[in-house]
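The structure appears right after this line, and notes come after that.
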Amino acid sequence: MDDLHRGDVIGDRYEIQEVLGTGGMARVYRAHDPRLGRDVAIKVLAERYASDPNFVERFRREASAAARLNHPNIVQVFDRGEAAGSYFIVMEYLPGPDLKQVIRAEGPLDPVTAIDNTLQILAALATAHHSDVIHRDVKPQNVLRAHDGTLKVTDFGIARAGAGSDVTEAGSVIGTAQYLSPEQARGNDVTPASDCYAAGIVLYEMLTGRVPFDGERPVAIAMKQINEPPVEPRAYEPGIPPALEAIVLRSLNKRPSERFRTAEEFSAALLSVRAELAGASGATIPMTAVTTGGTAQTRVQTPDEQATRIAPPPPQRPQTRPARPRATAPPPEPRRNATPWVLALLALLAVAAVGGYALLSGGGGGDTVRIPTDLVGKRPGEAAAELKALGLESRRELATSTEAEKNTVIGTQPSGGSEVPAGSEVLLRVGSGPDTVPVPDVVGETRADAIAAIERAGLRARVVEAADDTVDAGRVVSQEPGGDEQLAKNQTVTITVSTGPDLIPMPRVTGQQLSTATETLRGLGLNVRTVEEERGDVTAGTVLAQTPEPGAEVKPDATVQLTVAVAPSTVPVPDVIGLTGDDANRELVRQGFEVVSEGAEDSAPVGEVIDQQPAGETLVAPGSRVTITVSQGLPDITDPTNTTALPQTTANPPGTP
């Protein structure tokens, strides 16, 4: 499918409005659904995956699995379909920032906020796991913040349907290197503990402002996930409670059996620490509790938010003291599946909220709270804590600013010095730096496609080439900044493009013994294959030839063919006729033959070989017997003492001249 543009209609229903982002697997658009009068997010599968029938089948099944997940902390999937040869998923549209942007603007987050965010993520994962769906790509970029502050996990569309799926092949690796569990990095099967590992990394990042494992190349990061222990979070942020640090480190254990194996187990540990922190500060614990059934009440509430939900005050009126929640105020309508203990918890929270409200209002002695005038220029977390100490709530909103104002409060609404009723919400406008755009994720793309995507986003591309054993030449190995990060327009994105594996110059090994040549080649990471050639004129085991030839450049793991001399199975008998008997004997013995010498009368000079059996150049087994006949000359018939000459026969074994 070609790129969609504003006004295009997909699925005969959804009108494209704008591009929200581009990744390695899909492009996401904001579209309008005129039937229901709402905006939606549409994820369109990348063309190179749309042509893979196995991937498409997995995409269909897993999109269906994601659509069945119904939970307040999961981005809802509304629809899926096919158009113009590609495939798409229609999802709930959330314009708010993702958790990565929140961490970048506000991080490191305070422990309570980090815990409350993680509890919402775990509530979503628990629901998915109980539906036999494993996410496999939990990361801050896949956690979106709704307008009311609720966190919602997205991208279950590429999740793996667990034991019930026969489409996702074992050994495939899906995920982002910085959040990849060790078993995923190895290409092994994933379990709910794999998602818990990734959630632990997200918690680590919220607490410290950084991921525990990072590097220039995804392969290097994955190896760290497998082999290296994480730096303890308190080394970066000493204010992290030791008990919370212990939970983080347990969640990052390399062995799935030794970390939290379920989202419920992880959530219970966090709630325990959260209760201790709430007790120390006088705050209430969040209304987030994952049950064994995988359902959860997921809205994390501050004390004032709880008071508002349980017994909302009447509309604010100027110069009028806000009404206190009354004990007789009716509770909110319970869910149909509410149980008595939930109602009891709500009642207790109402009582706690009444007491907390009375304390914040000075026991009834104050009508309003003055917003501090010195919040501008402070870090968002510091400003929020100052407001909370005064009994005010806060909400943050990113706004374009100068680079110097980035990650600081650049204004409030109402403005500093204004008097507002206790419990009111103050909007903190946080500088995002210059006008920014999301960096497209181009890892795995071709050089040309990557540059085009970066330039479409209003950014510049810088190309660095590097050898890589795992990525095809011409494709992007890594990028900096990473995909989904924010960058000011016209800034530079550096992409590293693979030139293929490092090439090795072929050494010369001809003339060496096979053992020496093999050791040399394998030491360079090359494979060796041998071909034998019978040769009687060189020592057995000598390398006669090599392919590729010396000096040629080859890839690591290339195979080198060596032609090696072996002793022949048959050898030619040398032609010794005409030699003297002694010379013939020596030559035959030198070549390993057994020699038998016979004498015969002949006109040839005495001592000359006149015959041999087998004849010269006959192929025989090594060490065979060769009989030579040596001339004894003609008899002297004038000698009266001469009798008929008798032939003489001698035999020399091999090695005896």
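The values are calculated or read from the model by the stated rules, or taken from the named source; none is laboratory data. Just so you know, these numbers come straight off a predicted model, no measurement behind them. Don't worry about glycine lacking a Cβ; one is built from the backbone with ideal geometry, like all the others, and counts go over all protein chains shown.
Here the helices (runs of 4 or more DSSP H) wholly within the range 179-240 that include at least 2 residues being within 16 Å of residue 251 (Cα to Cα), assigned by TED's automatic domain parsing to the domain that holds residue 104 and more than 14 Å from the chain's Cα centre (by Cα) are 192-208.
Set side by side, the residues 245, 258 differ, and just one is buried (at least 17 other Cβ atoms within 10 Å of the Cβ), over 15 Å from residue 122 (Cβ atoms), in contact with a Lys or Arg (Cβ under 9 Å, 6 or more places away or on another chain) and without any contact (Cβ under 8 Å) to a residue 24 or more places away in the chain, which is 245. Counting only residues that are among the small types (Gly, Ala, Ser), assigned to a loop (DSSP other than H, G, I, E, B) and within 29 Å of the chain's Cα centre (by Cα), the range 9-27 holds 2 of them. For residue 45, the conditions (1) surrounded by fewer than 22 Cβ atoms within 10 Å (Cβ to Cβ); (2) in contact with a helix residue (DSSP H, G or I) (Cβ under 9 Å, 6 or more places away or on another chain) all hold with the exception of (1).
To keep it simple, each residue is scored yes or no on (1) in the same structural domain as residue 18 (by TED's automatic domain parsing); (2) farther than 16 Å from residue 155 by Cα; (3) not charged (D, E, K, R).
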residue: 58; (1), (2), (3): yes, no, no
residue: 79; (1), (2), (3): yes, no, no
residue: 85; (1), (2), (3): yes, yes, yes
residue: 99; (1), (2), (3): no, no, yes
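Checking every residue in the range 192-214 against the condition of being at pLDDT 90 or above, out of contact with any Pro (no Cβ under 6 Å at 6 or more places or on another chain) and of a type in the set (S, T, N, Q) gives at least one match. Among the residues making up the range 42-67, a single one is among the charged types (D, E, K, R) and at pLDDT 85 or above: 43. With respect to the stated conditions, residue 590 is surrounded by fewer than 15 Cβ atoms within 10 Å (Cβ to Cβ) and at pLDDT 70 or above.
In the range 175-225, the qualifying residues are those that are within 24 Å of residue 110 (Cβ to Cβ) and aliphatic (A, V, I, L, M), and the one that is surrounded by the fewest Cβ atoms within 10 Å (Cβ to Cβ) is 211.
With 461, 450 as the choices, which residue is surrounded by fewer than 22 Cβ atoms within 10 Å (Cβ to Cβ) and among the small types (Gly, Ala, Ser)? Checking each option against the conditions leaves just 461.
For the range 408-434, residues that are within 42 Å of the chain's Cα centre (by Cα), assigned to a loop (DSSP other than H, G, I, E, B) and under 22 Å from residue 147 (Cβ atoms) total 1. For the range 2-14, a tally of residues being touching a residue at least 12 places away in the same chain (Cβ under 8 Å) and either over 26 Å from residue 98 (Cα atoms) or buried (at least 16 other Cβ atoms within 10 Å of the Cβ) (or both) returns 6. Here residue 582 meets each of (1) part of a strand (DSSP E or B); (2) farther than 30 Å from residue 527 by Cβ with one exception, condition (1). Any residue in the range 89-103 that is closer than 20 Å to residue 20 by Cα, of a type outside the set (A, V, I, L, M, F, W, C) and assigned to a helix (DSSP H, G or I)? The answer is yes; a qualifying residue exists.
Residue 373 meets the stated requirement of being touching a residue at least 40 places away in the same chain (Cβ under 8 Å), touching a Gly at 6+ places or on another chain (Cβ under 6 Å) and not in a helix (DSSP H, G or I).
Is it the case that residue 433 is of a type outside the set (Lys, Arg), at pLDDT below 85, buried (at least 19 other Cβ atoms within 10 Å of the Cβ) and touching a helix residue (DSSP H, G or I) at 6+ places or on another chain (Cβ under 6 Å)? Answer is yes for this residue. In this structure, does residue 449 turn out to be in a loop (DSSP other than H, G, I, E, B), over 28 Å from residue 96 (Cα atoms) and out of contact with any helix residue (DSSP H, G or I) (no Cβ under 8 Å at 6 or more places or on another chain)? Taking the combined requirement at face value, the residue does not satisfy it. Taking the range 471-487 as the range and being in a strand (DSSP E or B), under 22 Å from residue 28 (Cα atoms) and in contact (Cβ under 8 Å) with a residue 40 or more places away in the chain as the test, the residues that pass are 478, 479, 480, 486, 487. Checking the structure you have, find out if any residue of the range 28-35 is assigned to a strand (DSSP E or B) and of a type in the set (Lys, Arg). Yes, the range 28-35 contains at least one residue that is assigned to a strand (DSSP E or B) and of a type in the set (Lys, Arg). Considering (1) at pLDDT below 90; (2) closer than 25 Å to residue 178 by Cβ; (3) not basic (Lys, Arg), the lone condition that residue 417 does not fulfil carries the number (2). The conditions of being acidic (Asp, Glu) and either under 26 Å from residue 107 (Cβ atoms) or modelled with pLDDT of 90 or more (or both) are not met by residue 166. List, please: which pairs have Cβ atoms under 9 Å, are six or more places apart or on different chains, and start with a residue in the range 488-511 that is over 30 Å from residue 460 (Cα atoms) and end with one that is surrounded by 14 or more Cβ atoms within 10 Å (Cβ to Cβ) and hydroxyl-bearing (Ser, Thr, Tyr)? So the pair list comes out as 507/520; 509/518; 509/520; 510/542; 510/563; 511/542. Counting the residues of the range 128-153 that are hydroxyl-bearing (Ser, Thr, Tyr) and at pLDDT 90 or above gives 1.
Residue 78 meets the conditions (1) over 30 Å from residue 395 (Cα atoms); (2) part of a strand (DSSP E or B); (3) of a type in the set (Phe, Trp, Tyr) in every case but one. The failed one is (1).
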